[in-house]
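The values are calculated or read from the model by the stated rules, or taken from the named source; none is laboratory data. Note that the structure is predicted; figures quoted are calculated from it, not measured. Reconstructed Cβ throughout: ideal geometry from the backbone, glycine too, with neighbour counts over all protein chains shown. Areas reflect the complete protein model, heavy atoms only, side chains present, ligands, DNA and RNA absent. Shrake-Rupley method; radii C 1.70, N 1.55, O 1.52, S 1.80 Å.
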Amino acid sequence: MAFKRFDPEDFVISADTVTSTVWSGYQPSLDSFHTSSVQKEGTSGPYYLNVYQTASSVDGSEIQFSIAFADSTGRGSVDFDAAVPGNSPSRTNYGQYRTLVLEDENAKFVFGSSYSGSYFYAISIERARYKEKLFPGSFNLVLSSSNANLAALHLTDDSNEVTIPTYYGTQRAFQIISGSNGSAYAGNGYSYSGSYGLFLPDISTILLNGAALDDSKTAGGTGTDDGAGISLSTGLTANSNQDNPTKLFTHISASSGDVNSNIFKLNSQETITSDFVFVRARNSEFNYSENPSFISGSTGEVIYSYFIDSPQTFPTTVGMYNNSNELLAVAKLSRPIIKDFTKEALIRVKLDF
């Protein structure tokens, strides 16, 4: 075994971005949607609705995302206490997302340039479906229309339309627009009530502007979705269970015709930081070994005299130690390399974190 201290130029740090699918089974698109009556009727049911890719756990059913409805005044759900009007699950959801996204309990959600929305739907991607964050531009969602005469609504984020996203604190936010693959079909892709919501890749959350979904059509242009509208939550009332998460689920799962595939497309994104360590064995280094076949165990002498002037070793492993001589990492070569006074070796070790 031989030791050598690394020089500063032997270390290089690199960061690579890797994208992958979000849904179970590495599927690029989620086209089958199911819910659980047990979850819906349970204690979490008033707050959100879990969506699965299959109907049975025997088929490997896993939560893909959840749908929640939020209203600033508590409409659309039953009050916790009749003596405290407006204090309901929908209001709790609104406060939760306001704290999470806006980080200010007095702030309001603004969809687009100026529209202040009082109610929205939140789609939260299950944490087990991704490693770090969602990939802007990969979000595509098709919502069927409540009116057979209106086209389905195609939604995406506007990552290809803007140079810099909106920031809430250190959190990125893209506007959700009528379009596909990060680009609008026509104009800015907004509805009459501002954008269709916010795409928040760093917390894997999609907020859909309820007022925009209730619009009868998009705000301008002659794009594919001009004339689309799904009318989800019109007629909201207080202290009433209007089951709004199920309504959105129905519009997602009921997409049909030429859009019954690629209904919900989404990818994740992960930044992998790698440390590259270059191990340099010069011609005069690492030519001798302490292996018993090389050195006599009793006398410490080189067993064969010709190994003194013409030694030959076969390095197979690189160990990296700290200043306290503690082993921190081990790199194995794919095969031994020949080393003698006529050869130099350069070994690149990659450490991923």
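Measuring r between the beta carbons of Lys40 and Asp202 and using R0 = 25 Å, the FRET efficiency lands at 0.30.
Computed from Cα atoms, the angle from the helix 244-253 axis to the main principal axis of the chain rounds to 70 degrees. At a threshold of 8 angstrom on Cα-Cα distance, excluding pairs fewer than six apart, so keeping six or more, what relative contact order does the chain reach in percent? Relative CO of the chain lands at 19 percent. One chain, two ends: Asn291 and Phe276. Fully extended at 0.36 nm per residue, the span grows by 2.5 nm beyond their Cα-Cα distance. Label separation (Asn262 vs Ser298): 7.9 nm, computed from points 7 Å beyond Cα along the C-beta direction. The alpha carbon centroids of region 64-123 and region 300-352 are separated by 62 Å. For region 275-300, backbone nitrogen atoms closer than 20 Å to the point 7 Å from Lys343 Cα along Cα-to-C-beta are found at 278-295.
Taken over the chain, lysine pairs spaced eight or more positions apart, or on distinct chains, with alpha carbons under 18 Å apart number 7. Protein heavy-atom accessible surface, 1.4 Å probe, per residue over the chain: 52 Å². Inter-label distance, Thr166 to Ile13: 3.3 nm, where each label sits 7 Å from its Cα along the C-beta direction.
Using the Cβ-Cβ distance between Tyr192 and Asn87 with R0 set to 22 Å, the FRET efficiency from 1/(1 + (r/R0)^6) comes to roughly 0.10. To put it simply, the accessible area of the chain at a 1.4 Å probe is 49 percent carbon and sulfur.
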